[in-house]
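Read-outs throughout are calculated quantities, based only on the coordinates presented, and are distinct from any laboratory measurement. Source: prediction; values computed, not measured. Positions of Cβ are generated from backbone atoms using ideal geometry, with glycine treated the same way; all protein chains shown enter the neighbour counts.
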Amino acid sequence: MAHTITLIPGDGIGPEVSRATQRVLEAGGVAIDWDVQHAGAGVVEARGTTLPPEVLDSIRRNKVALKGPIATPIGKGFRSVNVTLRQSLDLYANVRPIKSLPGVEPRFEGTDIVIVRENTEDLYAGLELMIMPGVAQSIKLITERSCSRICEFAFAYAERMGRKRVTVVHKANIMKI
């Protein structure tokens with residue numbers, strides 16, 4: 001049985017990276033029906049948006065997506081496609097495993113950490129304004145709800161993966177509340 005997966009090839013190097021990934025999955029014997037959708041700087045002229053509604057509809061319907069790198073037009077008033085996807089689909093947990101691999105000379109022997117980062121708030125809220133000529137301000141929005149759920153996610157992930165420790169990185173010495 002084939003899996004239906006939304007494919008957003010992206011732009012720039014995105015289509016090349018996406019095609020290579022498709023070839024790897026095909027070589028692994030995974031049967032996939034690709035639901036190809038387009039987003040990013042390349043669709044703005046034709047659609048007037050970097051993220052047409054049918055892209056989100058496809059991801060919601062298929063429950064899984066493969067996304068190549070996507071450019072956001074700089075200085076054109078378009079919000080980052082990545083941030084819009086994260087916020088629209090509530091993809092709040094960015095999970096980045098880092099592990100030394102056998103046969104690959106590591107910079108640090110025995111590295112095995114996982115970084116879990118909140119992906120939708122903080123500076124990703126996109127609240128910016130020019131407060132005077134030459135001075136921009138970005139507002140770092142952080143809610144108790146998002147702080148709690150990313151911590152809960154990290155602890156649940158650690159427990160599920162048999163990890164013994166969770167370390168929280170913060171700036172409470174500077175950011176008091």
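In loop segments of segment 89-155 as defined by DSSP, the chymotrypsin sites (Phe, Trp or Tyr not before Pro) with at most 12 further C-beta atoms inside 10 Å of their C-beta are Phe108. State whether segment 136-177 is rounded, prolate or oblate according to the following rule on the C-alpha gyration tensor (a ≥ b ≥ c being the square roots of its eigenvalues): a/c under 1.5 gives rounded; otherwise a/b larger than b/c gives prolate, and the remaining case gives oblate. It is prolate, given that a/c is not under 1.5 and a/b is the larger ratio. The GluC sites (Glu not before Pro) of segment 92-177 meeting both criteria, a DSSP state outside H, G, I, E and B (loop) and at most 14 other C-beta atoms within 10 angstrom of the site's C-beta, are Glu109.
In terms of the Cα gyration tensor, with a ≥ b ≥ c the square roots of its eigenvalues, is segment 1-87 rounded because a/c is under 1.5, prolate because a/b exceeds b/c, or oblate?
Working: a/c = 2.59, a/b = 1.69, b/c = 1.53.
It is prolate, given that a/c is not under 1.5 and a/b is the larger ratio.
One equal scatterer on each Cα of the chain, no solvent, Debye formula: the resulting log10 I(q)/I(0) at q = 0.12 Å⁻¹ is -0.80.
Rg and Dmax over the alpha-carbon atoms of segment 37-109 stand at 16.5, 50 Å. If you run the Gaussian network model on the chain, springs between alpha carbon atoms under 10 Å, then out of Pro52, Pro69, Pro97 the most flexible one is Pro97.
Mind checking which of Lys63, Lys140, Lys99 has the largest fluctuation in a GNM of the chain, springs on alpha carbons under 10 Å? Maximum among the listed residues: Lys99. Taking every DSSP beta bridge that has both ends in the chain, the antiparallel portion is near 60%. With the convex hull drawn around the C-alpha atoms of segment 95-177, the volume per residue stands at 164 Å³.
Lysines within cross-link reach of Lys176: Cα-Cα under 24 Å, excluding same-chain residues under 8 positions apart? Excluding near neighbours in sequence, the set is Lys140. Among Thr167, Thr72, Thr49, the largest mean-square fluctuation in a Gaussian network model of the chain (Cα springs under 10 Å) belongs to Thr167.
Could you work out the helix-only [θ] at 222 nm for the chain, with each DSSP H run of four or more residues adding -39,500 (n - 2.57) and the total divided by the number of residues, to the nearest 500 deg cm²/dmol?
Details: 5 runs with 53 residues, N = 177.
The helix contribution divided over the chain gives -9000 deg cm²/dmol.
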